Amino acid sequence: MNVDFIDALEQLEREKGIDKDTLIEAIEAALISGYKRNFNSAANVRVQIRRDTGEVTVFARKTVVEEPSDTRLEISLDAALDMNPTYRVGDVVEIEVTPRDFGRIAAQTAKQVVTQRIREAERSIIYSKFVDRAEDIVTGVVQRQDARMTYIDLGQTEAVLPLAEQMPTDKFKPGDRIKAFITRVERTTKGPQVVLSRTHPGLLKRLFELEVPEIFDGVVEIKSVAREAGYRSKIAVYSRNLEVDPIGACVGARGMRVQAVVNELGGEKIDIVKFSDDPAEFVANALSPAKVVEVRILEDEKIARAIVPDYQLSLAIGKEGQNARLAAKLTSWKIDIKSETQAAELGMFGHITKEVEEEEEGFGSLSADWLNEP
């Protein structure tokens, strides 16, 4: 090795951020192993690389003793005194033992160490970049698929999209560009692993942030998201500016903004409702598109009793209870839905007594617990 080698290390330090001295120390440590392996040496050795010229020197380290039992590790006091009269028993003497052809071994070892450190540095940089983007959205290109994963090229690294995190409507082929949500970033022996999701509610939220400037700017806020990926979702939005309609901002002119999100999610239906601090109003909004006549809130049981017109009951419940289930997830309230006829039979339009609540069981209303099943 020579001055050019030192110059190359300094360039790596500037471009990759790898400390030159740290690299040289790693090379020195690797050269010790290389020396012992190639020259069948059991001696205690030290390798030194000069920081200015790149010259490599190998020193055998021997302990000064009266009578050496192993000349590879020890040196007699008389021999040590011949070298330097200041040596005493217990001191360590360093004797240069650099082989003539050690330069070739040193160059090969240095190349391996530098390559490894560059790879580690690049992995560390990639990890640092993506770990800060956890719970963010990324765009990648589908590379390949197997029975468990879809592999997505993100440019600097390859991410994985597990089968369980794919929507039922997702059909990918190599070369497709898709958007996904970063759920976590892990360190592995092969470098950072970025795990993606297409079913996470955060994906829906991030997509609206991309499409709706008012959300990105903080004027409109997404308060909560309920999602059954691939089929239907609900989002509750709120405007910090009374002059800005949060639902209109998310829908966009001729529905272009919401349609862009729907297209990215393969046709998933999205209900946009207005958030309210009043639980009754919020529950009524969440049951959209059904029209709600009245909502009674039972704070202790965390139950909201919603009354809808008879002809709106099936719409409020939704196919297989989907609309009511999503509304319950969106509002964090258990929702019990009754038609006007059922409510009248139960006397729910007046004061709800404990007796009426007990009589209410068995009238075929949608169970609040069942509504909140995933």
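The values are calculated or read from the model by the stated rules, or taken from the named source; none is laboratory data. Here the structure is a predicted model, which means the values were calculated and not measured. Cβ: placed from backbone, ideal geometry, glycine included. Neighbour counts: every protein chain shown.
Where in the range 235-334 are the strands (runs of 3 or more DSSP E), entirely inside, with at least 2 residues that are more than 29 Å from Lys179 (Cβ to Cβ)? Write out each step before concluding.
Working: elements: 269-274, 294-298, 303-308.
Fully inside the range 235-334 and qualifying: 294-298, 303-308.
Are any residues in the range 119-142 of a type in the set (S, T, N, Q) and over 22 Å from Arg206 (Cβ atoms), and if so, which ones? Before you say what the answer is, go through the steps one by one.
Keep residues of the range 119-142 that are of a type in the set (S, T, N, Q), which gives 124, 128, 139.
Of everything in the range 119-142, just one residue is of a type in the set (S, T, N, Q) and over 22 Å from Arg206 (Cβ atoms), namely Ser124.
I'd like the residue in the range 51-74 that is more than 28 Å from Ile24 (Cβ to Cβ) and among the hydrophobic types (A, V, I, L, M, F, W, C) and, out of all such residues, is surrounded by the most Cβ atoms within 10 Å (Cβ to Cβ).
Taking the candidates together, the pick is Val64.
Could you check the range 1-41 and list, in sequence order, the residues that are surrounded by fewer than 16 Cβ atoms within 10 Å (Cβ to Cβ), of a type in the set (Ser, Thr, Tyr) and either outside the structural domain of Thr57 (by TED's automatic domain parsing) or closer than 18 Å to Ile105 by Cβ (or both)?
The one that is surrounded by fewer than 16 Cβ atoms within 10 Å (Cβ to Cβ), of a type in the set (Ser, Thr, Tyr) and either outside the structural domain of Thr57 (by TED's automatic domain parsing) or closer than 18 Å to Ile105 by Cβ (or both): Ser33.
Among the numbered conditions (1) farther than 13 Å from Ile105 by Cβ; (2) of a type outside the set (Gly, Ala, Ser); (3) in contact with a Ser or Thr (Cβ under 6 Å, 6 or more places away or on another chain), tell me where Ile75 comes up short.
In the conditions (1) farther than 13 Å from Ile105 by Cβ; (2) of a type outside the set (Gly, Ala, Ser); (3) in contact with a Ser or Thr (Cβ under 6 Å, 6 or more places away or on another chain), Ile75 misses (3) alone.
Mind checking whether some residue in the range 147-162 is within 20 Å of Glu264 (Cα to Cα), touching a Ser or Thr at 6+ places or on another chain (Cβ under 7 Å) and either touching a residue at least 24 places away in the same chain (Cβ under 8 Å) or loosely packed, with under 12 Cβ neighbours inside 10 Å (or both)?
yes
With (1) within 30 Å of Glu122 (Cβ to Cβ); (2) basic (Lys, Arg); (3) in a strand (DSSP E or B) as the list, and Arg37 as the residue in question, which single condition is left unmet?
For Arg37, the exception is condition (3).
From Ile178, Ile182, Ile272, grab the single residue that is aliphatic (A, V, I, L, M), in contact with an Asp or Glu (Cβ under 6 Å, 6 or more places away or on another chain), surrounded by 14 or more Cβ atoms within 10 Å (Cβ to Cβ) and not assigned by TED's automatic domain parsing to the domain that holds Arg305. Give the derivation first.
Working: Ile178 fails: in contact with an Asp or Glu (Cβ under 6 Å, 6 or more places away or on another chain); Ile272 fails: in contact with an Asp or Glu (Cβ under 6 Å, 6 or more places away or on another chain).
Unique residue meeting the criteria: Ile182.
Glu15 fails exactly one of the following numbered conditions: (1) within 30 Å of Ser128 (Cα to Cα); (2) in contact (Cβ under 8 Å) with a residue 60 or more places away in the chain. What is the number of that condition?
So Glu15 meets the others, but not (2).
How do the strands (runs of 3 or more DSSP E) wholly within the range 59-177 filter down when requiring 2 or more residues that are of a type in the set (S, T, N, Q) and either under 30 Å from Lys20 (Cβ atoms) or in contact with a Phe, Trp or Tyr (Cβ under 9 Å, 6 or more places away or on another chain) (or both): which remain?
137-145
Being of a type in the set (Lys, Arg), surrounded by 15 or more Cβ atoms within 10 Å (Cβ to Cβ) and at pLDDT 90 or above, is that true of even one residue in the range 277-295?
no
Looking only at residues in the range 238-257 that are touching a residue at least 40 places away in the same chain (Cβ under 8 Å) and farther than 12 Å from Val219 by Cβ, which one is surrounded by the fewest Cβ atoms within 10 Å (Cβ to Cβ)?
Result: Gly252.
Do you know which of the residues in the range 99-140 that are over 29 Å from the mean Cα position of the chain (by Cα) and either among the small types (Gly, Ala, Ser) or not assigned by TED's automatic domain parsing to the domain that holds Val47 (or both) is farthest from Gln193 (Cα to Cα)?
Gly103
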